[in-house]
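Since the structure comes first, as structure tokens, the remarks are kept for the end.
The values are calculated or read from the model by the stated rules, or taken from the named source; none is laboratory data. This is a predicted model, so every value here is computed, not measured. Cβ placement follows ideal geometry from the backbone for every residue including glycine, while neighbour counts extend to all protein chains displayed. The protein model used for the area step is the full one, side chains on, heavy atoms only, and it has no ligands, DNA or RNA in it. Shrake-Rupley method; radii C 1.70, N 1.55, O 1.52, S 1.80 Å.
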Amino acid sequence: MPETSSTDARRRALALLARATASELAAPLAEHWPDLGVRELKPTESGLVMLRGRAGGDGALFNLGEATVTRSIVELETGERGYGHVLGRDLKQAMRVAIFDALGQREGDCAMVEARVLAPIAARLSAARARTAAETAATRVDFFTLVRGEDAA
Amino acid sequence: MSALGFADPVLQSQATFRAILNALSRPGTLVDAGAGLEPPAPLGAAAAAALLALADYETPLWISPAFATGDVAAWVKFHTGAPSAASPKTAVFALIDLAADRLDLAAFAEGSAEYPDRSTTLIAQVASLSTAGPLRLFGPGVRGEAAFGFTPCPSDFTAQWRANGEGFPLGVDLILAAGGRLAALPRSARLHGDI
């Protein structure tokens with residue numbers, strides 16, 4: 001697949017959707033797209049993926065452990081194909097991610113997906129990040145040296 | 001709309017695998033495969049089921065020119081994840097349509113003396129299969145001899161199959177599929193007039 005700006009946008013969308021809570025996807029889906037014609041191209045299934053790790057930037061690759069991942073592939077009645085991967089075993093959540101991935105490719109729906117689905121998730125995630133950063137910053141200790149002996153002469 | 005694969009991938013691929021094993025161990029018998037499957041034309045249900053059950057991301061697949069156009073190649077790639085083989089010699093599985101493609105068994109991988117299993121398994125789609133002849137099979141898995149036939153059958157099929165059998169234990173295995181049924185000729189199967 002060529003690396004284009006639409007690939008980057010889709011990658012960003014899928015990264016956000018993978019971190020969404022169930023209600024963040026289920027609520028807008030029920031509200032804005034209640035009668036969506038969707039069918040599963042492959043049965044949604046959960047399985048294991050091997051996570052690979054590396055100690056430091058240049059250590060040797062090793063297998064860190066396995067994670068449970070659920071995958072869904074759907075097709076809208078207008079032909080767009082969406083892929084959803086989420087951690088865990090929530091089949092419905094994986095399917096919702098796939099549906100929004102497909103809707104994001106549909107000309108008429110992509111702005112709505114951005115405004116009603118992706119933007120709230122991005123806002124929540126950046127607020128959580130800011131909160132963690134603030135909590136960490138509160139415990140910060142700054143060391144500084146007033147005068148060092150050898151400089152005093 | 002894209003065509004679907006197996007509705008229940010685990011059970012249906014196991015059932016198809018079992019059917020193919022039965023067909024390979026009893027050359028010349030017809031078994032059912034691919035019930036309920038609706039692959040894109042011109043691919044038939046049994047040939048499609050065999051591909052779904054056998055091919056995966058580790059098995060390079062060679063698709064003949066007759067199937068390379070249209071939706072078949074994309075459908076097989078989507079549902080099996082099999083990479084496409086650069087040439088018939090490097091293919092683990094090959095899909096051909098005997099109604100349109102010329103059969104050349106020698107073009108496919110026959111395995112090596114150390115690993116005779118590394119040969120191509122050919123999945124050939126034909127118009128019809130029959131247990132009435134004109135070919136007469138014998139060899140492992142056949143009691144006495146068995147009448148077997150398929151159409152369209154290349155005129156030099158007997159000669160090609162004899163050449164395939166002369167390299168035993170090397171050689172290709174052939175799965176013949178018509179509609180929802182398939183039969184198989186393992187490399188050990190012999191045709192009368194052979195030897």
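Side notes on the structure shown:
- Where both bridge residues fall in chain B, DSSP classifies roughly 55% of the beta bridges as antiparallel.
- If only the Cβ of Lys and Arg carry +1 and only the Cβ of Asp and Glu carry -1, the dipole of the stretch B:9-192 around its Cα centre is close to 400 debye.
- Summed over both chains, the accessible area lost when A and B associate is about 800 Å², using a 1.4 Å probe.
- Average accessible area per residue (Å²) across the protein assembly as shown - probe 1.4 Å, nucleic acids and ligands excluded: 55 Å²
- Under the span-like rule (Cα at least 15 Å along the axis, Kyte-Doolittle mean at least 0.0), DSSP H helices of chain A: A:22-32, A:91-104, A:119-138
- Calculated on alpha-carbon atoms, Rg and Dmax of the protein assembly as shown in Å: 28.2, 112
- Charge dipole (Cα centre; +1 on Lys/Arg Cβ, -1 on Asp/Glu Cβ; no other charges) of the stretch B:1-114 amounts to roughly 80 debye.
- Span from the the stretch B:79-130 Cα centroid across to the the stretch B:133-195 one, whole angstrom: 15 Å
- Between B:P40, B:P60, B:P116, the GNM of chain B built on Cα springs shorter than 10 angstrom shows B:P116 fluctuating the most.
- Estimated from helices alone, the mean residue ellipticity of chain B at 222 nm is -7500 deg cm²/dmol (sum of -39500 (n - 2.57) over DSSP H runs with n ≥ 4, per residue).
- Carbon/sulfur fraction of accessible area - the protein assembly as shown, other protein chains in place, 1.4 Å, %: 56 percent
- Drop in accessible area of at least 20 Å² in the complex versus isolated chain, residues of the stretch B:1-15, 1.4 Å probe: B:M1, B:S2, B:L4, B:P9
- Within a straight-line Cα-Cα reach of under 21 Å, B:K89 can be paired with the following lysines, leaving aside sequence neighbours fewer than 8 residues apart in one chain: B:K77.
- Residues of the stretch B:72-91 buried by at least 10 Å² on assembly (accessible area, 1.4 Å probe, chain alone as reference): B:F78, B:H79
- Among the GluC sites (Glu not before Pro) in the stretch A:1-64, those placed in a DSSP loop whose Cβ has at most 10 other Cβ atoms within 10 Å are A:E3.
- Gaussian network model of chain B, Cα within-10 Å springs - most flexible of B:V31, B:V76, B:V142: B:V142
- Neighbour count of at most 12 Cβ within 10 Å plus DSSP loop: longest trypsin sites (Lys or Arg not before Pro)-free window in chain B: B:1-101
- Estimated distance in nm for a label pair at A:A60 and A:L125, the labels positioned 7 Å out from Cα along Cα-to-Cβ: 3.4 nm
- Where both bridge residues fall in the protein assembly as shown, DSSP classifies roughly 75% of the beta bridges as antiparallel.
- Sites B:R143 and A:A30, calculated FRET efficiency, Cβ-Cβ separation with R0 56 Å, nearest 0.05: 0.30
- Drop in accessible area of at least 40 Å² in the complex versus isolated chain, residues of the stretch A:26-43, 1.4 Å probe: A:R39, A:L41, A:K42, A:P43
- Estimated inter-spin distance, B:S87 and A:R81, nm [label 7 Å along Cα→Cβ]: 3.0 nm
- Kirkwood Rh, Cα atoms: Rg over Rh of chain A: 1.19
- GluC sites (Glu not before Pro) restricted to DSSP loop in the stretch B:109-176 with at most 16 other C-beta within 10 Å: B:E114, B:E145
- About its Cα centre, the protein assembly as shown has a charge dipole of approximately 460 debye under the convention of +1 per Lys or Arg Cβ and -1 per Asp or Glu Cβ, with nothing else charged.
- Within chain A, the longest run free of chymotrypsin sites (Phe, Trp or Tyr not before Pro) that sit in a DSSP loop with at most 13 other Cβ atoms within 10 Å is A:1-142.
- q = 0.15 Å⁻¹: log10 I(q)/I(0) that the Debye formula gives for the stretch B:14-88, counting C-alpha atoms only: -0.53
- Note on the stretch B:9-192: Rg/Rh from C-alpha atoms, Kirkwood Rh, equals 0.93.
- Most mobile listed residue (A:L16, A:L25, A:L48) in chain A, GNM with C-alpha springs under 10 Å: A:L48
- Net length gained if the chain between A:V49 and A:V141 were fully extended (0.36 nm per residue, minus Cα distance): 29.1 nm
- Inter-label distance for A:E40 and B:F78, nm, one decimal - labels placed 7 Å from Cα along Cα-to-Cβ: 1.6 nm
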